[in-house]
1. Conditions first: (1) touching a helix residue (DSSP H, G or I) at 6+ places or on another chain (Cβ under 7 Å); (2) at pLDDT 95 or above. Residue 65 passes all but one, so which condition is the exception?
2. Of the residues that make up the range 34-54, is at least one on the phi > 0 side of the Ramachandran plot and surrounded by 14 or more Cβ atoms within 10 Å (Cβ to Cβ)?
3. From the residues in the range 109-130 that are under 20 Å from the mean Cα position of the chain (by Cα) and under 15 Å from residue 158 (Cβ atoms), which one is surrounded by the most Cβ atoms within 10 Å (Cβ to Cβ)?
4. Looking at the range 1-83, what strands (runs of 3 or more DSSP E) fall wholly within it and have at least 3 residues that are closer than 26 Å to residue 133 by Cβ and in contact (Cβ under 8 Å) with a residue 40 or more places away in the chain?
5. Identify the single condition in (1) modelled with pLDDT of 95 or more; (2) touching a helix residue (DSSP H, G or I) at 6+ places or on another chain (Cβ under 7 Å); (3) over 30 Å from residue 303 (Cα atoms) that residue 212 does not satisfy, given that it satisfies every other one.
6. Quick check, is residue 329 at pLDDT 90 or above and surrounded by fewer than 18 Cβ atoms within 10 Å (Cβ to Cβ)?
7. Quick one: residue 226 ticks every box in (1) in a loop (DSSP other than H, G, I, E, B); (2) out of contact with any helix residue (DSSP H, G or I) (no Cβ under 9 Å at 6 or more places or on another chain); (3) surrounded by fewer than 15 Cβ atoms within 10 Å (Cβ to Cβ) bar one, so which box is it?
8. Out of the residues in the range 289-311 that are buried (at least 21 other Cβ atoms within 10 Å of the Cβ) and closer than 18 Å to residue 190 by Cβ, which is farthest from the chain's Cα centre (by Cα)?
């Protein structure tokens, strides 16, 4: 079975790295939709070298290195990468025009970040995510959250959002053809929330919020530039080399699709972009209803994560004093809990019943002292290769196995 990749940007290129090493598929067909540089050798050079992760040869073979891209044929658009045949399609950028069927590709991963609306008509405009099926694909995986642009439109019945190891069972092969693998931040956040939800129950969460301190992405500017016509956020056009930039994240919305219990919890998510190439951090703040007799403390929360990590290949618990570069490339770690920095504080919160407008009966006082524990938890994630791309690949392989 061949794997199709639409786009060879950050996630597309690193997905190719993963799969030529894993060798689960018989070959890869990657679509760039245009010529790259002056020849296929230029594309091969871009695949071989990476400023964040080094050379592909070292990624695959360690210190031995060695040439891993061979048999480059510009006319045919083919090369061999680590012994695996790779074909590059360079004709069409519109998904419906990509020749997946002609190249025996049934499963496609779209990593462009351009086609994210599962309701969009493949025959209108520049193209649409669903257009891959017009080109012959049977299943299409999106390396980003779905974004429905039209107001009032519901998620199509054949579309589903999953995070591997959290809700991958929500994917029903006979029903779902469009699968979103959420985002790197949602993936990390789901592994920070799921162990605590399982232990305490959603009914004991009073509120939750998070900030992701996130590495730069390809959508940001190297140097200051003029905003597009009608642009509302002027910070997106400021240089990521020189600035800490406040921005937004859709992690809270996507998390509700992955963990439905989150719909009942007041949750906020914010994002801060910083001048690093990869390696990100979530700071999670929770308020939990508690008891003063046996309050939730740091040891209890860390113990919950330690126990969960024993049974999950995607969560790591660490008591090392990490910095962001330490977690770059960590294989398939959705989240690395920085246990040394977990903090809790329990206090009695004064609640004025009169302000709630509640009728009081009997001996209920107008002021209630409610024990509440606030917890602060830190979770690292390599937003490109280590966390997201490796977990995306596991999701893709699991789908492929059910298509055989």
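1. Residue 65 satisfies all of (1) touching a helix residue (DSSP H, G or I) at 6+ places or on another chain (Cβ under 7 Å); (2) at pLDDT 95 or above except (2).
2. Applying the first criterion (on the phi > 0 side of the Ramachandran plot) to the range 34-54 yields 37, 54.
Next cut, surrounded by 14 or more Cβ atoms within 10 Å (Cβ to Cβ) only: none.
Checking the range 34-54: not a single residue is on the phi > 0 side of the Ramachandran plot and surrounded by 14 or more Cβ atoms within 10 Å (Cβ to Cβ).
3. Filtering the range 109-130 down to residues under 20 Å from the mean Cα position of the chain (by Cα) leaves 109-118, 129.
Restricting the remaining residues to those that are under 15 Å from residue 158 (Cβ atoms) gives 117-118, 129.
Details: 117: 16, 118: 24, 129: 27.
It comes out as 129.
4. Details: elements: 2-6, 27-31, 69-73, 78-81.
Result: 2-6, 27-31.
5. (3)
6. Details: at pLDDT 90 or above: yes; surrounded by fewer than 18 Cβ atoms within 10 Å (Cβ to Cβ): no.
The answer is no for residue 329.
7. Tallying (1) in a loop (DSSP other than H, G, I, E, B); (2) out of contact with any helix residue (DSSP H, G or I) (no Cβ under 9 Å at 6 or more places or on another chain); (3) surrounded by fewer than 15 Cβ atoms within 10 Å (Cβ to Cβ), residue 226 fails exactly one: (2).
8. So the first thing to find is which residues in the range 289-311 are buried (at least 21 other Cβ atoms within 10 Å of the Cβ), and the list is 290, 296, 301, 305.
Still in the list and also closer than 18 Å to residue 190 by Cβ: 301, 305.
Values: 301: 24, 305: 20 Å.
It comes out as 301.
The values are calculated or read from the model by the stated rules, or taken from the named source; none is laboratory data. All of these numbers come straight from a predicted model, not from anything done at the bench. Cβ: placed from backbone, ideal geometry, glycine included. Neighbour counts: every protein chain shown.
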